[in-house]
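Computed from the coordinates by the stated procedures, all read-outs in this text should not be read as laboratory data. Bear in mind the structure is a predicted one, so any value in this text is a computation, not a measurement. Glycine also receives a Cβ, built like all others from the backbone with ideal geometry; neighbour counts cover every protein chain displayed.
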Amino acid sequence: GDVFSGTWSEGVHYSGVLDEWFGPRCWSTRPILLFLTTLFVFIPLASFRRVDSLRYTSALSVALAIVFVVITAGLAILKFVNGSITMPRLMPKLTDDESFWKLFTTIPILVTAYICHHNVHPIENELKEPSHMNAIVRTSLILCTSAYIATSLFGILLFGDKIQDDVLANFDGDLGVRYSTFLNDVVRVSYGIHLILVFPIVFFSLRLNLDGLLFPHAIPLAFDNKRFFFVTIILMAFVFVGANYVPSIWYAFQFTGATTALSAGYIFPAAIALKDKRGVATKKDKLLSLLIIVLAVSCSIIAICSNLYTFGNKTTSHEA
């Protein structure tokens, strides 16, 4: 929605792709675009019973993310070579309490970026060689880390102090190179489609886990048509309503990252190691697990408080 219909950041409106192509239209608003995407993309892709059926859309989403990184890196290198890039600020600018606490809002974003635990078991269950799962996880982490580092490095070089929380919002003006408008559109459209294609595989695990929670003793979800469509439609409706009422994906990442992502990524695995039902954890494993839980809970409390503080200050300033 933000990519195609536009977004607001710090009181400034950043135009969406469709706004620039066709001007303001009733069908290019965020709710209508989300409805059309849900109807013609999300629901068909969510109808697959096997995660293996999403391999082509997932591969395409990775390729589109690489396109975004390559274009951003190419632009930054080109402008660095011709001398049009100034030295970026290396340290955060702390002017008041809000700017200090805002630093901690990045923690949930970083945590969310590395949460893939919910996809491991569904993918492993459908592999011909389950032993390949470790190599798949390592490759995924290396690929993601490389993309994140490249995006942050070349993004700050390209936009400097003007870079937004959502770097895609920066691709709506003159980049200072030839074919600037075309490159802006390629970056935003490719990454917008990337985000769309990422959703079905996340939704697959969400549906599977919710079904296991609600119907723990039922037959597998893929073999029960009524239950499959009931859970799918309920979840899809909930996601659609949430997407319309959350003003920015940044808020969703901040609060879910500080709660569910930290729990799924660090607190629950560490708790399982502490419980040690099979008696395989060493004393070192348990001490490390306890340390991880303490750090995760501390980070979660700090992140939630900083999110609320920053959000409260923005609300007060807008009302004023």
Quiz item: Could you give P(r) for the range 172-244, binned at 10 Å from zero, as whole percent values over all Cα-Cα pairs?
Solution: 16, 33, 21, 15, 11, 5, 0
Exercise. Give, rounded to the nearest 20 debye, the magnitude of the charge dipole that the range 239-307 has about its Cα centre when Lys and Arg contribute +1 at Cβ and Asp and Glu contribute -1 at Cβ.
Key: 380 debye
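With only Lys, Arg, Asp and Glu charged, each at its Cβ (+1 for the first two, -1 for the last two), find how big the charge dipole of the chain is about the Cα centre; round to the nearest 20 debye. Provide the component values of the computation, followed by the final result.
On the way: 24 positive and 22 negative charges, 198 e Å.
Value, rounded to 20: 960 debye.
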Practice problem: Could you list the residues of the range 34-54 with an amide nitrogen less than 15 Å from a label point located 7 Å from the Cα of Asn125 in the Cα-to-C-beta direction? | Solution: 48-54
Self-check item: Reachable aspartates and glutamates, given that their alpha-carbon falls under 15 Å from the alpha-carbon of Lys102 and they are not under 8 places away in the same chain
Solution: Glu10, Asp165, Asp166
Quiz item: Using a Förster distance of 25 Å, how high is the FRET efficiency between Ile77 and Leu195, based on the Cβ-Cβ distance and rounded to 0.05?
Solution: 0.50
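Suppose we take every Cα in the chain and form the convex hull; what volume per residue is that in Å³?
Details: hull volume 56.5 nm³, N = 320.
Here the figure is 177 Å³ per residue.
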Exercise. Have a look at Ser306, Pro216, Gly155 and report the one farthest towards the positive end of the charge dipole of the chain, computed about the Cα centre with Cβ charges (Lys/Arg +1, Asp/Glu -1).
Key: Pro216
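For Tyr245 and Arg55, compute 0.36 nm times the residue count separating them, minus their Cα-Cα distance, and round to one decimal in nm. Working shown, then result.
Working: separation 190, 0.36 × 190 = 68.40 nm, distance 3.06 nm.
Separation in residues times 0.36 nm, less the Cα-Cα distance, equals 65.3 nm.
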Self-check item: Hits among lysines - C-alpha to C-alpha of Lys79 under 17 Å, sequence gap 8 or more where chains match
Solution: Lys162
Quiz item: Want the number for Phe22 to Ala281: 0.36 nm per residue separation, take away the alpha-carbon distance, what's left?
Solution: 87.2 nm
Self-check item: 0 to 90° range, to nearest 10: angle between helix 55-81 axis and the chain longest Cα axis
Solution: 30 degrees
Practice problem: Return the lysines within reach of Lys275: Cα separation strictly under 22 angstrom, same-chain partners fewer than 8 residues apart disregarded; answer none if there are no such residues. | Solution: Lys283, Lys284, Lys286
Practice problem: May I ask which residue of Ser84, Thr106, Phe68 lies farthest towards the positive end of the charge dipole of the range 52-146, with charges of +1 (Lys, Arg) and -1 (Asp, Glu) on Cβ and the Cα centre as origin? | Solution: Ser84
Self-check item: Square roots of five times the Cα gyration tensor eigenvalues for the range 64-147, Å
Solution: 35, 23, 8
Quiz prompt | Among 203-214, 262-273, 81-92, the order from most to least packed when residues are scored by Cβ within 10 Å on average | solution = 262-273, 203-214, 81-92
Quiz item: On a 0 to 90 degree scale, rounded to 10, what angle separates helix 180-214 from the longest Cα axis of the chain?
Solution: 20 degrees
Exercise. Just need log10 I(q)/I(0) for the range 150-305 at q = 0.14, 0.21 Å⁻¹, Debye formula, equal scatterers on the alpha-carbon atoms, no solvent, rounded to two decimals.
Key: -1.02, -1.29
Quiz item: Once every DSSP H run of n ≥ 4 in the chain is given -39500 (n - 2.57) and the sum is divided by its residues, what mean residue ellipticity at 222 nm do you get, rounded to the nearest 500 deg cm²/dmol?
Solution: -21000 deg cm²/dmol
